[in-house]
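Q: Have a look at this one.
The values are calculated or read from the model by the stated rules, or taken from the named source; none is laboratory data. In this text the structure is predicted, and so the values were computed from the model without any measurement. Using ideal geometry, Cβ is built from the backbone for each residue, glycine included, and neighbour counts are taken over all protein chains shown.
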Amino acid sequence: MPQALPVVAPQAAHRPLFAGFDVGGTNIKVGVVDAEGRRVAHRSLPTEEERGSDDAARRMAAAYRELLAESGVAAGDVVRAGLATPGPMDIPAGKLLKPGNLPHWHDQPVRDQVSAATGLPVTFANDANAAAYGEFWCGRGRDAQSMVMFTLGTGVGGGIITEGQLIEGRHSCGGELGHILIDPSPTAPLNTLGIRGSLEGYCGSYGVLARAEAAMAAGDPTSLRKRLEQGAELTPLMIAEEAESGDQLALDVVLETARYLALGVVTMVHAIDPEMVLIGGAMTFGGEGSRLGERFLARVREESQLRMIESLRDRVTISFASLGGAAGYYGAAGLACREHQR
C-alpha cells in the first residue's frame, strides 16, 4: 500500500520550521514542515498565472500567514522558505527564464519576490528536483544515500541525488531526465522543445496519447473508440481505465510506456549507480496498490533488468514514489532546511 505522509501536530513539531511553496501552472501548494520532514500544515491556492509572479508572491505570502494563524504556529518558528517552480531557471540568480506553462512570469526574479513578500530567506529549486529531494528527505528514499526520480505527467521531469547531494548542474539544468535521448531515428517523435527522440516524447502524456491515436488510426479494435464517439476526450486516465477493463490496445500503450521508461531508467542507473530509482508524478497509471500500476511498474523493472550490466541487476530498487502531489513542497522545505543547517 502507498506510504502514509509524514504528519505531526504543531505543538509536537521539531523546531525550527520551514515553509515550502510548489508552483504549478494551475495551483500553488503551500506547506509548513518541521526539521524532521513532517508536515505541520498545508493548503493550496490558484496560480492565476496571467496576474504575474509578483502578484502570486503576495498571494502566496498571504496564504502562508493564514496557514500559520490557523495552525497556531508562531511566525518566528519558521526560519526559511523553499520555492519550487517549473524551469528553465537560473538558480543562483533566483530567476525564472522562460517556463512554458508560466508565460507571464518570464525573466522574473521570483526568489526575491517571494522573499520580500514573506519576509523569509528563500531557497530556489526546480520543481522536479524539489519533488525528488522531498522523497529523499522524508519519503520512499529517506534511507538511501543516492537515488534518481522520474516524474511522469504532461512532460517528464526528474531529480538526481548522489551521496546526499541534489545535482542541480552548472547551468541549473541538472536532472532534466525527460530530455534523455532514447531513439536516434529521423522519424522519432518530437518533444515540446522540438527535440526528436527524447524520453519525454515517448513517456510524456502527449507521447502516450499519440501512440494510442496512431493505433486507433491503424484500425486496431478498442473500447476507447466508443468513448470518443460519445464525446469524451482522450486522456491518459481514460487509457488507464480501459486498460484496467481489459482493453488490449490501451494495455499495450501502457506497457509500451513502461518499456520506453525503462530505457531512461537504465541510462541513469549506468551513469549514476544509485541505490534506488523512483517513479512519481501524475501519470503512473494508478500507481502503488493499483493492479494496472503494479503491472506498469513490473514491466519497467523487467525491461530494465534485461538491459543492465550484470553487476547491477537486482541490486537497484525500482519503486513508486510515496509522497504524491505533496512531494514538491516537502522537497522545497527540505532544501530550505538543508541550506539553513549549512
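Q: Kindly provide the set of residues from segment 1-33 that are crowded, with 19+ Cβ neighbours inside 10 Å, out of contact with any Pro (no Cβ under 9 Å at 6 or more places or on another chain) and outside any strand (DSSP E or B), ordered by number.
A: Selection gives P6, A13.
Q: Scan segment 159-185 and report the pairs whose first residue is touching a residue at least 40 places away in the same chain (Cβ under 8 Å) and more than 19 Å from R342 (Cβ to Cβ) and whose second residue is acidic (D, E) and buried (at least 23 other Cβ atoms within 10 Å of the Cβ), with Cβ atoms within less than 6 Å and a gap of 6+ or a chain change.
A: No pair meets every condition.
Q: A further question on this structure: Kindly list the number of the only condition in (1) buried (at least 21 other Cβ atoms within 10 Å of the Cβ); (2) among the small types (G, A, S); (3) more than 20 Å from the chain's Cα centre (by Cα) that fails for A93.
A: With (1) buried (at least 21 other Cβ atoms within 10 Å of the Cβ); (2) among the small types (G, A, S); (3) more than 20 Å from the chain's Cα centre (by Cα) applied to A93, the lone miss is (1).
Q: Still on this structure, please answer the following. Does E36 fit the bill of being in a loop (DSSP other than H, G, I, E, B), assigned by TED's automatic domain parsing to the domain that holds P88 and surrounded by fewer than 24 Cβ atoms within 10 Å (Cβ to Cβ)?
A: In short, yes.
Q: Quick check on A57: is it among the aliphatic types (A, V, I, L, M), buried (at least 16 other Cβ atoms within 10 Å of the Cβ) and either at pLDDT 95 or above or not assigned by TED's automatic domain parsing to the domain that holds N126 (or both)?
A: Against the criterion (among the aliphatic types (A, V, I, L, M), buried (at least 16 other Cβ atoms within 10 Å of the Cβ) and either at pLDDT 95 or above or not assigned by TED's automatic domain parsing to the domain that holds N126 (or both)), A57 qualifies.
Q: Could you go through segment 120-135 and let me know if any residue there is surrounded by fewer than 18 Cβ atoms within 10 Å (Cβ to Cβ) and without any contact (Cβ under 8 Å) to a residue 40 or more places away in the chain.
A: Scanning segment 120-135, I find no residue that is surrounded by fewer than 18 Cβ atoms within 10 Å (Cβ to Cβ) and without any contact (Cβ under 8 Å) to a residue 40 or more places away in the chain, so the answer is no.
Q: Another question about this same structure. Find the residue count for segment 141-164, including only residues that are surrounded by fewer than 24 Cβ atoms within 10 Å (Cβ to Cβ) and not aliphatic (A, V, I, L, M).
A: Total meeting the criteria: 9.
Q: Please enumerate the residues belonging to segment 104-131 that are under 21 Å from the mean Cα position of the chain (by Cα) and either at pLDDT below 95 or of a type in the set (G, A, S) (or both).
A: If the condition is that a residue be under 21 Å from the mean Cα position of the chain (by Cα) and either at pLDDT below 95 or of a type in the set (G, A, S) (or both), then A125, A128, A130, A131 are the ones that fit.
Q: Report, by residue number, each residue of segment 245-265 that is within 19 Å of G159 (Cβ to Cβ), surrounded by 22 or more Cβ atoms within 10 Å (Cβ to Cβ) and aliphatic (A, V, I, L, M).
A: Selection gives L261, A262, V265.
Q: Further, regarding this structure: Residues in segment 307-337 that are in a helix (DSSP H, G or I) and either in contact (Cβ under 8 Å) with a residue 24 or more places away in the chain or among the aromatic types (F, W, Y) (or both): how many?
A: 16
Q: Taking the criterion of being under 18 Å from the mean Cα position of the chain (by Cα) and closer than 22 Å to G175 by Cβ, would at least one residue in segment 4-20 satisfy it?
A: Yes; the residues of segment 4-20 include at least one that is under 18 Å from the mean Cα position of the chain (by Cα) and closer than 22 Å to G175 by Cβ.
Q: If you don't mind, another one. Only one of (1) on the phi < 0 side of the Ramachandran plot; (2) surrounded by 22 or more Cβ atoms within 10 Å (Cβ to Cβ); (3) under 18 Å from the mean Cα position of the chain (by Cα) is not met by A212, so which one is it?
A: All conditions are met except number (3).
Q: I'm trying to understand the selection: among the residues of segment 39-48, which are of a type outside the set (V, I, T) and either in contact with a strand residue (DSSP E or B) (Cβ under 7 Å, 6 or more places away or on another chain) or buried (at least 20 other Cβ atoms within 10 Å of the Cβ) (or both)?
A: Within segment 39-48, R39, A41, H42, R43, S44, L45, P46 meet the criteria.
Q: Consider E302 carefully, then state whether it is assigned to a helix (DSSP H, G or I), under 22 Å from the mean Cα position of the chain (by Cα) and of a type outside the set (S, T, Y).
A: no
Q: Same structure again: List the number of the failed condition for L312; all other conditions in (1) surrounded by fewer than 18 Cβ atoms within 10 Å (Cβ to Cβ); (2) out of contact with any helix residue (DSSP H, G or I) (no Cβ under 7 Å at 6 or more places or on another chain); (3) within 25 Å of Q145 (Cβ to Cβ) hold.
A: Only one criterion is unmet by L312, namely (2).
Q: Same structure again: For segment 81-103, give me each residue that is basic (K, R) and modelled with pLDDT of 95 or more.
A: Within segment 81-103, just K95 meets the criteria.
Q: How many residues does segment 170-192 contain that are surrounded by 14 or more Cβ atoms within 10 Å (Cβ to Cβ) and within 29 Å of Y133 (Cβ to Cβ)?
A: Total satisfying the criteria: 13.
Q: Okay, next question. Could you check segment 69-90 and list, in sequence order, the residues that are surrounded by 20 or more Cβ atoms within 10 Å (Cβ to Cβ) and under 12 Å from T118 (Cα atoms)?
A: Residues satisfying the conditions are V78, R80, A81, G82, L83.
Q: Give me the residue from segment 287-297 that is touching a helix residue (DSSP H, G or I) at 6+ places or on another chain (Cβ under 8 Å) and in a helix (DSSP H, G or I) and, out of that set, surrounded by the fewest Cβ atoms within 10 Å (Cβ to Cβ).
A: Per the stated criteria, the residue is R291.
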